[in-house]
Structure formats: C-alpha cells, structure tokens
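Down below is the structure, laid out as structure tokens.
The values are calculated or read from the model by the stated rules, or taken from the named source; none is laboratory data. Every value quoted in this text rests on a predicted model; they were computed, and no experiment measured them. Neighbour counts are summed over all protein chains in view; Cβ atoms, including those assigned to glycine, are modelled from backbone coordinates with ideal geometry. Please note that ligands, DNA and RNA were not included when accessible areas were found on the heavy atoms of the full protein model with its side chains. Shrake-Rupley method; radii C 1.70, N 1.55, O 1.52, S 1.80 Å.
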Amino acid sequence: QVQLVESGGGLVQAGGSLRLSCAASEGTFSNYAMGWFRQAPGKEREFVAAITWSGGLTYYAGSVKGRFTISRDNAKNTVYLQMNSLKPEDTAVYYCAADSLFATVKFGQAAYWGKGTLVNVSS
C-alpha cells in the first residue's frame, strides 16, 4: 500500500509560480510511475503530467505543456510539479497518483492516489 501526501498548494496571482510536492510512504517508490491530475470545481478530473519510474520519460497535457514540469527524486520518495506562468484556469485541486505502469497513470487508472492540494490562481 502506497500512501501519497501532496503539499505546496496555495493562492497565487496569474503569471506566478508554485511547486507542488508529493511524498510517498512506500520504500520502493522508484518502482512506480507517477502522475499529477487536477479537478476544477464542477468539472471532471483531468490528466496534467506523468513521469516514468526512472524519470527518463515525461508526458504532459497540452494545456500545461511548456509551463509545467514534472520531476522526481527517488532518494527522497518525492515527485514534484513545477508550475510557471499560472493562469486562472489552472485553479483546481491537484492530485498525485502512482502505479507500476506508466500507461496506467497516463490514463488516470493509477492504483494509488493522494488526497489533493488546492491551487487557486487569481486574475
């Protein structure tokens, strides 16, 4: 059982930056592909970014590509989401997810999920 805890959310003005972190309890963190998802009020959860266990491959939603960067530190059991040039439409609860398969994470079917952290971008 992998427990995921997100942090780093908050209120930021449009054009600003935030870095989200997701700490995993599992000692074999490096075995898991990781991803970030978000859910805005009244909308369905959507994919944001994913990264393979090694960090060698990343994948982004078109809406964030070029602005967001996903990375991981396997020594710290942590995955990050650096968010730059934030827009009001980025406002959402951001969730971290983990699964042994990269494709499963990409398609939102990950086995493990965190409880989320709120990002609020003001205009």
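Worth pointing out:
- Exposed trypsin sites (Lys or Arg not before Pro) absent - longest run of the chain, DSSP non-H/G/I/E/B, at most 14 other C-beta within 10 Å: 44-114
- Distant-in-sequence amide H partners of Y112 (H built 1.01 Å from N, under 5 Å): A98
- Here the contact order of the chain, divided by its residue count and restricted to Cα pairs under 8 Å and six or more residues apart, works out to 36 percent.
- Quarter of Cα convex hull surface for the chain, i.e. mean projection, nm²: 6.7 nm²
- Look at where the Cα atoms of the stretch 1-49 and of the stretch 58-106 average out, and the two centres are 6 Å apart.
- Per-residue SASA entry for T104, accessible area with 1.4 Å probe, Å² rounded to 10: 30 Å²
- Heavy atoms of L57: accessible area, 1.4 Å probe, square angstrom to 10: 90 Å²
- Distance between the pseudo-spin-label points of S7 and A40 (7 Å out from Cα toward the beta carbon): 2.9 nm.
- Ratio Rg/Rh, restricted to the stretch 39-103 and using Cα atoms, in which Rh is the Kirkwood radius: 0.96
- With protein chains left intact and a 1.4 Å probe, residues in the chain average 51 Å² of accessible area per residue.
- Qualifying chymotrypsin sites (Phe, Trp or Tyr not before Pro) for the stretch 49-123 [loop in DSSP, other Cβ within 10 Å: at most 15]: F107
- Share of Cα-Cα pairs in the stretch 1-64 lying beyond 17 Å, as whole percent: 54 percent
- Note, ³J(HN,Hα) from phi for the stretch 39-54, Karplus 6.51, -1.76, 1.60, rounded to Hz, x at Gly and Pro: 9, 8, x, x, 10, 7, 5, 10, 6, 10, 7, 9, 9, 6, 4, 8
- Surface composition of the chain: carbon plus sulfur atoms hold 48% of the accessible area, using a 1.4 angstrom probe and ignoring ligands, DNA and RNA.
- GluC sites (Glu not before Pro), loop per DSSP, at most 15 other Cβ atoms within 10 Å - longest free stretch of the chain: 45-123
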